[in-house]
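The values are calculated or read from the model by the stated rules, or taken from the named source; none is laboratory data. It should be emphasised that the depicted structure is a prediction, and the values quoted were computed from it without experimental measurement. Here the Cβ is made from the backbone with ideal geometry for all residues, glycine too, and neighbour counts use every protein chain on show. Note: accessible area is taken over every heavy atom of the protein model, side chains too, but ligands, DNA and RNA are not part of it. Shrake-Rupley method; radii C 1.70, N 1.55, O 1.52, S 1.80 Å.
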Amino acid sequence: MQVEATFPDLPPAPLQLRMSRSSPGRYAVHEFAKNVFDVSIVNGKGQPLTATRPDPHEWDVANHDGMVVVTYKIFGDRTDGTYLGIDDIHAHINIPAALMFARGWFERPARVTFVQPPGKTWKVATQLFPTNDPLVFTAPNIHYLMDSPTDFSNFMLRTFTVDDGQKRNGPPPTFRIALTHDGTEAEANAFARDVERIVREALPIFGEFPNFETNTYTFLSVYLPWASGDGMEHRNSTSLTSSGALRNPGQRSGILGTVAHESFHPWNMGRLRSAGIEPFNFEEADMSDDLWLGEGFTNYFDGLIQERAGFTPLDGFAAELAGVINQVTLSPGRIFRSAVDMSRLAPFVDAAVSIDRTAWPNLFISYYTYGQAIGLGLDLSLRDKSNGKTTGDDYMKALWARFGRPGQKEPGKVATAYSIDGLKETLAAVSGDRNFANDFFSKFVEGRQLVDYPTLLARAGLILRKRAPGRPFAGQVQLAGGGSALRVTGLVPWESPLYKAGVAQDDQLVNLDGTALSSMANWDEALMRHKPGDRVPLRFVRRSGEVVNATLVLDEDPRVEIVPVEKIGGILSDDQKRFRESWLSSQRKY
């Protein structure tokens, strides 16, 4: 793609042109400058200017005449929410991955003109402000420009409106679905109906829509075989990409799950933002203490939205929650780090790639998952404490009233970012119990304890129990067969039976209690001859070649499942039924 950027009305000082190193919704460093080439810089008279390069991301331009015009080409072949994807049917543009900016000039407005590729008649889908020309758009400042992904293609367009019941100066907001996929018009219609159901189910959690600039919100939806799976939130839009197809029921379910997640973000993250990432730094990695709330609570509520909207059966929702509880309960990372600590690690894990091995499987729990477990625990704790009168929905409404609604004064910026103290104070106000709020945060957010999930879930007639009681367990270890042994392909979890036996990554498991381990079937068969507590001879070979004869002391399988009480012969009481319906039934009013 060729880009021409003009910077007028400049002071005499050198102009510092930059390519971003980060992108809204991403927290790691992404070196977008690597794809820039064939750079030409001239002044207002078209005379060539020379740029110096103080670092790989910057072009410093001196001796200009008050105007600088830079022209360059940029390569992009990844269709997702972070990068730039260009081919013969579309340009899916994440602005920080495509456009240079001028350091120090983020308060300036911008004007963007899209030029049709030869022989194409593409349309533009974006949250940028429209003009009378369908190929020309504006942004009130560079913050907003950088937060405005754009799809330039021959997309299918579907729209719907939802009235949130609030008094407005104009009509209710319009939701636009710009869909590029290899399917049919009928599939597009069905997808639009489901997106509307999701939006309508998200609305009651906050009680009102944000003030969408231009009174529109846009789903930039690209489902093509070569697209990469992603969902990326922005102030008045979201970038949704997947290699899945709407015609495939299993893939469509995952696509709608991402829609539900992103439909919660216009409030949470779009305008409810942590002080750690507001304003967003486009030159460095961005660190927040609070992604357990920004992403984790969004994970929790997107599952709840799908359940309430009727997309997920109760068994499926219960299985999702059980998976989250298992992951957080059994992960060694909780030994070392709280949810706050995990949030701070986002620059190292959020689509960041390292070529050296790390200990992340033993040291890190995704803030998406950890926060989802906390969101579940807080919602159920509030409901339990108040007998259903106060809920997690109420907490999100209160956060919105305190930080979100007053924070949307200027496009591209959040005026009232929150801190962890503000989150805690809001919980104290919602629950009417400061001790409860302080205790919850100190134990479960800033500490490393877990809520009493069995007791809380039982209020809804959901039984949390071991999924394989009495079954032997050596640890959740990745093993690969082939040859005469099983190779340990991942880190061995801290304090698991295999860890205590001395087994490490890249070791070869050769023999368990007389059974040669030439396949996973052999491993399972040998394990199942024993019970928890048994001491079993294990022979393995370290990657150094040393042969080790060890003793494996088996545990009981600690993993749990969640089942409705009525599915295991119990009776759902009236109180449990009321609690469950209040929690999981549709909240729609409009």
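A few points about this structure:
- Taking amide H as placed 1.01 Å from N in the peptide plane, the amide H of TYR418 sits under 5 Å from that of ARG273, SER274, ALA275, each at least 5 places away or on another chain.
- Amide H contacts of ASP557 (H built 1.01 Å from N, in plane; Pro and chain starts excluded): GLY470, ARG471, PHE473 sit under 5 Å, all sequence-distant by 5 or more or on other chains.
- The stretch 523-548-the stretch 57-110 distance, computed between alpha-carbon centres (Å): 56 Å
- Listed residues THR426, GLY461, GLY407: farthest to the positive end of the dipole of the stretch 347-494 (Cβ charges): GLY461
- Per residue, the Cα convex hull of the chain amounts to 184 Å³.
- R0 of 35 Å, Cβ-Cβ distance ARG467-VAL115: FRET efficiency to nearest 0.05: 0.05
- Scalar couplings 3J(HN,Hα) for the stretch 157-172, obtained by applying the Karplus form with A = 6.51, B = -1.76, C = 1.60 to θ = phi - 60°, are 10, 10, 9, 8, 10, 9, 8, 8, x, 8, 6, 10, 6, x, x, x Hz; x denotes Gly and Pro.
- Cα-centre dipole for the stretch 358-504 with unit charges at Cβ (Lys and Arg positive, Asp and Glu negative), debye to 20: 340 debye
- A simple spin-label model places pseudo-atoms 7 Å from Cα toward Cβ; at TRP226 and THR329 they are separated by 4.6 nm.
- DSSP-loop GluC sites (Glu not before Pro) across the stretch 2-105, with at most 16 other Cβ within 10 angstrom: GLU31
- For the stretch 20-101, applying the loop criterion from DSSP together with a ceiling of 13 other beta carbons within 10 Å to the trypsin sites (Lys or Arg not before Pro) yields LYS45.
- Compared with the direct C-alpha span, the chain from MET528 to SER354 gains 58.8 nm at full extension, assuming 0.36 nm per residue.
- Protein heavy-atom surface of the stretch 1-44, 1.4 angstrom probe: 50% of the accessible area is carbon and sulfur, with nucleic acids and ligands not counted.
- Divided by 2.2 N^0.38 Å, where N counts the residues, the Cα radius of gyration of the stretch 240-342 comes to 1.25.
- Taking only protein heavy atoms and a 1.4 Å probe, the accessible area of the stretch 136-195 is 49% carbon and sulfur.
- 3J(HN,Hα) couplings calculated from phi for the stretch 404-410 with the Karplus curve 6.51 cos²θ - 1.76 cosθ + 1.60 (θ = phi - 60°) are, in sequence order, x, 4, x, x, 9, 7, 9 Hz; Gly and Pro show x.
- With K and R counted +1 and D and E -1, the other residues having a Cβ less than 11 Å from that of ARG542 yield a net charge of -2.
- Spin-label model, VAL3 to SER519: label points 7 Å out along the Cα-to-beta-carbon direction sit 5.4 nm apart.
- Remark: the chain carries a charge dipole of roughly 780 debye about the Cα centre, counting +1 on each Lys and Arg Cβ and -1 on each Asp and Glu Cβ.
- Solvent-accessible ranking of ARG111, ARG580, largest area first, probe 1.4 Å: ARG111, ARG580
- For LYS567, a cut-off of 25 angstrom between C-alpha atoms picks up these lysines, skipping any fewer than 8 places away in its own chain: LYS466, LYS577.
- Computed FRET value (nearest 0.05) for LYS500 with ASN63, which takes r as the C-beta separation and R₀ as 45 Å: 0.10
- Surface analysis of the chain yields an accessible area of 42 Å² per residue, using protein heavy atoms and a 1.4 Å probe.
- Dividing the summed helix terms, -39500 (n - 2.57) for each DSSP H run of n ≥ 4, by the number of residues in the chain produces a 222 nm estimate of -8000 deg cm²/dmol to the nearest 500.
- Dipole of the chain [Lys/Arg +1, Asp/Glu -1 at C-beta], most positive-end residue of ILE571, LEU314, TYR83: ILE571
- Projecting the Cα positions of ALA102, ILE198, ASN169 onto the charge dipole of the stretch 90-202 (unit charges on Cβ atoms of Lys, Arg, Asp and Glu, taken about the Cα centre) puts ALA102 furthest along the positive direction.
- DSSP H segments from the chain that extend 30 Å or more along their own axis, Cα-based, with Kyte-Doolittle mean of -1.0 or above: 185-206
- Judged by the mean number of other Cβ atoms found within 10 Å, the most tightly packed of the peptides 94-101, 65-72 leads the ranking 94-101, 65-72.
- Spatially proximal aspartates and glutamates relative to LYS73 (Cα-Cα < 14 Å; intrachain offsets below 8 disregarded): GLU4, ASP38
- Once the Cβ-Cβ distance of GLN478 and ASN189 is raised to the sixth power relative to R0 = 41 Å, the FRET efficiency obtained is 0.45.
- Residue separation of ARG588 and VAL548 scaled by 0.36 nm, minus their Cα-Cα distance, works out to 8.2 nm of gained length.
- Using only the C-alpha atoms, the convex hull of the stretch 462-557 corresponds to 102 Å³ per residue.
- Sparse packing (at most 12 other Cβ atoms within 10 Å of the Cβ) combined with a DSSP loop state is found for the following GluC sites (Glu not before Pro) in the stretch 221-316: GLU284.
- Packing-based ranking of 131-144, 514-527 yields 131-144, 514-527, ordered from highest to lowest mean Cβ neighbour count within 10 Å.
- Size of electric dipole in the stretch 47-146: Cβ of Lys, Arg +1 and of Asp, Glu -1, about Cα centre, debye, nearest 20: 160 debye
- Spatial separation of Cα centroids for the stretch 19-51 and the stretch 317-362, in angstrom: 34 Å
- Interchain or long-range residues, amide H under 5 Å from SER237's placed H: THR218
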